[in-house]
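The structure appears right after this line, and notes come after that.
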Amino acid sequence: MSVVAAAVCPHPPLLVPEVASGAAPELDDLRAACLAAVESLATADHILVIGAATDSGPRTFDASASGSFGAYGAPSVRIGSGPPVLPLSLAIGGWLLEQTKAAQLPRTYRAVPADTAPDLCVRLGREIADSNDRVGLLVMGDGSARRSEHSPVHLHPRAEIFDTTVANALHHRDLDVLKALDPDLAAELQAAGRAPWQVLAGALEGTSLSGDLTYEAAPYGVGYIVAGFS
C-alpha cells in the first residue's frame, strides 16, 4: 500500500483558540477548513505528520512526542507527554489531529529542515510512498510571511504570486510545479511550507489522488493554504 489520503494545512499558533484568545473567531474559517481536511485522514491506517524545522537533519518522533504552546501564551495546551520536543509545525499538526477522528490512529512525526534541497525532499516523499502501511499524510506549511505591509516581514512583490502558484499546484495536483519551487526564493519570502510541499510531491507520484483546494488567504499577511487529496 502507499499514501491513501493527504491534507495540507498551515501552522499559525493562532489556530489554537487558547492562543488566539479574543481573536479566535477571526480564524474560524481557516480552523474549520483545517479540521475538515484532517478529518479525511481517518481512512488511513497510520498518520505521518510532516513539518519544517529550523535545526539541521531530519528527525522522526513517535506518537508520544510532546508539543507545548506555552511560548505562545497558552501553557495549559499541550500534546503528548514528556518534555516538549516538537517544532511548531508538528505541534500544530498534532493538535489538529487531536480534534478529529484521526486522533485514534497510530501516528509518527517527521521534521524536515527548512533548507533541505528539493531533490532530497522529493526522495523522502518517495520513501514514504513505499511504506507497507496505508498512510495518511498531514503536511504542515505556511506560505509567504511577506504578503502585506502588516506581515511579520515587510511586503515582497513576489509573495502573492508564489502563494497563488502553490495553491493552484495543490488544487490541480501539479507535482512538477511543487517540485520546481525555488528554495532560495522560498527562503527570501519566508515560506515555511516549501520543503514539506516538496515531500508531498514525491509521496503523491505513484498515486491517483486528486487535489481539492479549500482555503487560501493571508489574513495576517502570511499565506495560509488548505488542501486535501483523496
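Assorted remarks:
- Within segment 87-104, the set of residues being open to solvent by 20 Å² or more (accessible area, probe 1.4 Å) and aliphatic (A, V, I, L, M) comprises Leu88, Ala103.
- Hits in segment 12-34 - residues which are in contact (Cβ under 8 Å) with a residue 60 or more places away in the chain and either open to solvent by less than 20 Å² (accessible area, probe 1.4 Å) or polar (S, T, N, Q) (or both): Pro12, Leu15, Val16, Leu27, Leu30, Ala33, Cys34
- Number of positions in segment 157-175 that are of a type outside the set (A, V, I, L, M), touching a strand residue (DSSP E or B) at 6+ places or on another chain (Cβ under 9 Å) and open to solvent by less than 20 Å² (accessible area, probe 1.4 Å): 1
- Residues within segment 49-72 that are out of contact with any Gly (no Cβ under 6 Å at 6 or more places or on another chain), free of Cβ contacts under 8 Å to residues at least 60 places away in the same chain and open to solvent by 50 Å² or more (accessible area, probe 1.4 Å), tallied: 8
- Residue list for segment 178-209, restricted to those being in contact with a Ser or Thr (Cβ under 7 Å, 6 or more places away or on another chain), over 22 Å from Pro157 (Cα atoms) and modelled with pLDDT of 95 or more: Leu209
- Any pair with Cβ under 8 angstrom, 6 or more apart, that starts in segment 145-163 at a residue that is under 20 Å from Pro13 (Cα atoms) and ends at one that is among the charged types (D, E, K, R) and open to solvent by less than 20 Å² (accessible area, probe 1.4 Å): Arg147/Asp163
- Residue match in segment 73-86 (condition: small (Gly, Ala, Ser), over 18 Å from the mean Cα position of the chain (by Cα), over 18 Å from Glu205 (Cβ atoms) and open to solvent by less than 30 Å² (accessible area, probe 1.4 Å)): yes
- Subset of segment 117-155 (residues that are more than 20 Å from Ala7 (Cβ to Cβ), open to solvent by 20 Å² or more (accessible area, probe 1.4 Å) and modelled with pLDDT under 95): Asp130, Asn132, Ser148, Glu149, His150, Pro152, Val153, His154, Leu155
- Subset of segment 44-64 (residues that are outside any strand (DSSP E or B) and at pLDDT 95 or above): Ala44, Asp45
- Scanning segment 155-181 for residues that are under 18 Å from Val139 (Cβ atoms), among the basic types (Lys, Arg) and in a loop (DSSP other than H, G, I, E, B) returns a single hit, Arg173.
- Sub-6 Å Cβ pairs linking a first residue in segment 108-129 that is touching a residue at least 40 places away in the same chain (Cβ under 8 Å) to a second residue that is charged (D, E, K, R) and open to solvent by 10 Å² or more (accessible area, probe 1.4 Å), at least 6 apart or interchain, are Ala111/Arg59; Val122/Lys179, ordered by first then second residue.
The values are calculated or read from the model by the stated rules, or taken from the named source; none is laboratory data. What you see is a predicted model, and the numbers here were worked out from it, not measured in a lab. Neighbour counts are summed over all protein chains in view; Cβ atoms, including those assigned to glycine, are modelled from backbone coordinates with ideal geometry. SASA here: full protein model, heavy atoms, side chains in, ligands and nucleic acids out. Shrake-Rupley method; radii C 1.70, N 1.55, O 1.52, S 1.80 Å.
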